[in-house]
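Structure first, then comments.
The values are calculated or read from the model by the stated rules, or taken from the named source; none is laboratory data. Owing to the predicted nature of the structure, the values given are computational and were not obtained by experimental measurement. Virtual Cβ from ideal backbone geometry, glycine too; neighbours counted across all protein chains shown. In case anyone asks, the SASA skips ligands and DNA or RNA and just uses the protein heavy atoms, side chains included. Shrake-Rupley method; radii C 1.70, N 1.55, O 1.52, S 1.80 Å.
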Amino acid sequence: MLKAWEIENFLSERDNQLFINGVSAVTLAEEYGTPLFVFSESRIKYNIERLKRAENYIDCALKVCYAAKANSNMAILRTVKDANCDLEVNSGGELWKALQVGFRGEQIIFNGTSKEIWEIEAAINAGIYAIQADSLYELSLIEAAARRLNKTANISLRLVPEIETNTHSGLQTALLTSKFGMMPDEALRAFQLYKDSEFLNLCGVHLHIGSQNPSAEPYSEALKTLFENLENIYLETGLKLSHLNLGGGFPVNYLRDRSQAEHFSPAEREMFSADFEPADAIKNAWQIVKEAARSSNAENLLENLTLLLEPGRSIISDAGICLTTVRNFKQRPLFSGKLEEDNQLSTINYQLSTDHWLLTDAGFNILLSMETYKWYYHLISAERTNDEHDFPYKLAGPLCDGGDVYFDIEGEGRLPDYRLLPENVQPGEVLALLNCGAYSIAQMFQYNGRFLPSIVLVREKGEVELIRRRDGFEDLINNDSW
Ligand SMILES: *Cc1c(COP(=O)(O)O)cnc(C)c1O
């Protein structure tokens, strides 16, 4: 029987070890050192195909633009490009990386709230598919830049339509309290102002409801909102938009292995174990929009339309594993009285009077969201996969910072207090954090003078390619003058 974390053709166990596309995680850790990120080319491609399946359920073209901010390592971008997936970027830096990798202009869309002139100019010069304007003011900057360059900029307006989801508050992006986008009235005004500009091609509207959205319904609401805007814009200005952009946010099931699921609040549990097919969400959303179009006799507005998606997490998260080595351990007495109080320990059914601490080499400098969002990454032993994972440990990283722990130090219980691993874990044992591909290496930093890790990509045929070398001493001071 497959273990809960196993994934066919990707993650498996053999000889009591974790294998990633047929390659031993323990061997990789020995060869490249830890912490080490391991990515799977075939899983990235599988995830892209899974999203593209939505095309079967809609009566228009689908354009999937991977959200580069989730992970923009150059080999990852190349893999995405080779899978015939387009790209969403958030800065002139990401745009430059995209062009270096070989994405063509029409494959790129550009988001962001504080675009600088050089970034706008670079986007116009690259002839990208859409610059997603965040405000009326920004639109005026784009128009002026296009006029200077004597080029036409393709524009989509980002809307902030007041759609709430049950994800983490920091990941909600379609509320008026969030910093993004324009209210529908403002957007309409923008279309009225610029519809005749020879330097702007106003071709779409965009929204992004947030990340790791646990349920599919908000996507229907969001697509309906986009269509209503399209319809209204047509009625008020005569402009017929050529694309609607539904954003990203499709969830990843971080709780495939339910062994610690009861240690989350119901809301956190729902969010981390969210698991719906993006294609199904799109299918339902499209049916609702089609119905709306029919009832207002506006079906012609759905003709020659392209639907854009901007998935990041759902493409790259489960394709990345972080291998880490236990570097230190210690035992601490439990505070008296804690044992009875501590629900988690009693459900684990351990009558310990001692906390067993494991100190790893993977800290929040490479997994920032574990600290900021109390994000959950399931942990297993990479070299004892078959042993019962039933012994509770306190887990912490290497940083000189009390917050560098794998539990919720604020005591709000948003992460399990203990992680379950085989008994008697010793320094030197290699552990694997799963689903680590998104918003991890994209946010890493050298806090405490720590070397940023190596990254390897396991190619489809099983070859292992080093796609980022580990930092050396020089990398710690590269940009300093003294
Ligand atoms: C972050 C972001 C995405 C990607 O979100 P995921 O949850 O990673 O799919 C897409 N679009 C915009 C505008 C974003 O800010």
For A61, the residues 5 or more places away or on another chain with a placed amide H closer than 5 Å to its own amide H are L305, L307
Sorting Y57, L136, A298 by the position of each Cα along the dipole of region 41-316 (Lys, Arg +1; Asp, Glu -1; all at Cβ), the one nearest the positive end of that ordering is Y57
Computed about the Cα centre, the charge dipole of the chain from +1 Lys/Arg and -1 Asp/Glu charges at the Cβ has a magnitude in debye, to the nearest 20, of 940 debye
Rounded to one decimal in nm, the spacing of the 7 Å Cα→Cβ label points at Y234 and E388 is 6.4 nm
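At 1.4 Å probe radius, can you tell me the per residue accessible area of region 167-291 in Å²?
Values: 4880 Å² over 125 residues.
Normalised by residue count, the accessible surface of region 167-291 is 39 Å².
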For the chain, cysteines with no other Cys Cβ under 4.7 Å from their own Cβ are listed as C60, C65, C85, C203, C400
Taking R0 as 60 Å and r as the Cβ-Cβ distance between N16 and K151, the FRET efficiency 1/(1 + (r/R0)^6), rounded to the nearest 0.05, comes to 0.50
Relative to the chain, whose Cα atoms define the longest principal axis, helix 184-194 and its Cα axis are tilted in degrees, nearest 10, by 50 degrees
Among P184, N253, S91, the residue whose Cα sits farthest towards the positive end of the charge dipole of the chain (+1 at Cβ of Lys and Arg, -1 at Cβ of Asp and Glu, taken about the Cα centre) is S91
In whole Hz, the Karplus estimates of ³J(HN,Hα) for region 323-331 (6.51, -1.76, 1.60; θ = phi - 60°; x where Gly or Pro) are 8, 9, 10, 6, 9, 7, 8, 7, 10
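With runs of 4+ DSSP H residues as the only contributors, calculate the mean residue ellipticity of the chain at 222 nm using -39,500 (n - 2.57) per run, divided by the residue total and rounded to the nearest 500.
So the helix-based figure for the chain works out to -8500 deg cm²/dmol.
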Between C400 and A61, Cβ-based FRET efficiency (R0 56 Å, step 0.05) works out to 0.60
Once all protein chains are kept in place, M183 shows an accessible area at probe 1.4 Å, nearest 10 Å², of 90 Å²
With DSSP loop assignment and no more than 16 other C-beta atoms within 10 Å, the GluC sites (Glu not before Pro) in region 371-400 are E388
So the angle from the long Cα axis of helix 92-101 to the longest Cα principal axis of the chain, reported in degrees to the nearest 10, equals 80 degrees
per DSSP, antiparallel bridges as share of beta bridges in the chain, % nearest 5, sits at 50 percent
For the pair N166 and A4, the simple spin-label estimate (label points 7 Å beyond Cα toward Cβ) gives in nm 1.9 nm
Of the accessible area of the chain, computed with a 1.4 Å probe and all protein chains kept, carbon and sulfur make up a percent value of 46 percent
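Between R53 and N328, 0.36 nm times their residue separation minus their Cα-Cα distance comes to what?
Values: separation 275, 0.36 × 275 = 99.00 nm, distance 4.62 nm.
Full-extension gain reported as 94.4 nm.
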Note on region 176-276: C-alpha Rg/Rh, Kirkwood Rh, two decimals, gives 1.15
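Can you pull out the GluC sites (Glu not before Pro) in region 130-232 that DSSP calls coil and that have at most 15 other Cβ atoms within 10 Å? Could the numbers behind the result be given before it?
Values: sites: E138, E143, E162, E164, E186, E198, E221, E228, E231; in loops: E162, E164, E198.
Answer in residue order: E162, E164, E198.
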Projected onto the charge dipole of the chain (unit charges on the beta-carbon of Lys, Arg, Asp and Glu, signs +1, +1, -1, -1), the Cα from G437, L457, L239 with the largest positive-side position is that of L239
Toy charge model, Lys and Arg Cβ at +1, Asp and Glu Cβ at -1: region 41-316 dipole around Cα centroid in debye, rounded to 20, equals 740 debye
From the Cα centre of region 408-424 to that of region 377-406, the distance in Å is 9 Å
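Ordering W357, W286, W118 from largest to smallest accessible area (1.4 angstrom probe), what's the sequence? Numbers along the way, then the final one.
On the way: W357 45, W286 5, W118 135 Å².
From most accessible down to least: W118, W357, W286.
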Measuring from the longest principal axis of the C-alpha atoms of the chain, the long axis of helix 136-149 (C-alpha) lies at a number of degrees, nearest 10, equal to 70 degrees
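Please check the chain for the longest run free of trypsin sites (Lys or Arg not before Pro) that are loop-located per DSSP (anything but H, G, I, E, B) and have at most 13 other Cβ atoms within 10 Å. Mind dumping the intermediate values first?
Numbers: sites that count: K151, K179, K461, R469.
The reported range is 180-460.
Rank S140, S381 by accessible area, highest first, at a 1.4 Å probe radius?
S140, S381
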